[in-house]
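The values are calculated or read from the model by the stated rules, or taken from the named source; none is laboratory data. The structure presented is a predicted model; accordingly, all values stated were derived computationally and were not measured. Here the Cβ is made from the backbone with ideal geometry for all residues, glycine too, and neighbour counts use every protein chain on show.
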Amino acid sequence: MYYELRSYDINPDRIDEYLVWASTKAVPFFKSRGMRVIGFWKAVDTAEAEFPPSGPASTTNVHWMIAWDSEEEMRSKWAEVRASDEMKEIMKERIDPETGGQKWHRVVRSALLAPTEASPLQ
């Protein structure tokens with residue numbers, strides 16, 4: 001099993017709008033296509049916390065994870081999903097009509113992770 005960790009720097013002024021879009025459109029669509037989304041998280045600012053880690057929230061403020069059987073499954077499923085007309089329609093909502101640029105995403109990162117023996121997720 002592999003896990004794809006997707007980490008985004010979302011415009012903080014529009015994060016609530018993004019989270020609604022993700023939870024009502026993007027994630028349900030991914031799940032309907034057989035993608036195993038196992039978590040979706042918003043970073044918490046721990047600057048006032050008395051326990052580590054402390055400090056302001058990073059500019060990377062949204063993380064989510066998908067489980068895959070293999071790298072090949074990941075590449076194949078993403079290609080299938082991105083080619084679909086429904087996904088193209090959903091993704092159009094990410095574009096700011098005033099600027100033509102991204103409405104929410106500043107930076108998008110993805111890492112494919114393989115569990116170690118110490119990982120509860122295998």
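What to note about this one:
- Qualifying position, being loosely packed, with under 11 Cβ neighbours inside 10 Å and at pLDDT 90 or above, among 72, 80, 48, 93: 72
- The condition (being at pLDDT below 95, part of a loop (DSSP other than H, G, I, E, B), touching a Phe, Trp or Tyr at 6+ places or on another chain (Cβ under 9 Å) and closer than 24 Å to residue 21 by Cα) is satisfied by just one residue among 60, 99: 60.
- The set of residues in segment 25-45 that are in a helix (DSSP H, G or I) and either surrounded by 14 or more Cβ atoms within 10 Å (Cβ to Cβ) or not small (Gly, Ala, Ser) (or both) comprises 25, 26, 27, 28, 29, 30, 31.
- Failed condition for residue 22, given (1) surrounded by 14 or more Cβ atoms within 10 Å (Cβ to Cβ); (2) assigned to a helix (DSSP H, G or I); (3) over 10 Å from the mean Cα position of the chain (by Cα); (4) of a type outside the set (Val, Ile, Thr): (3)
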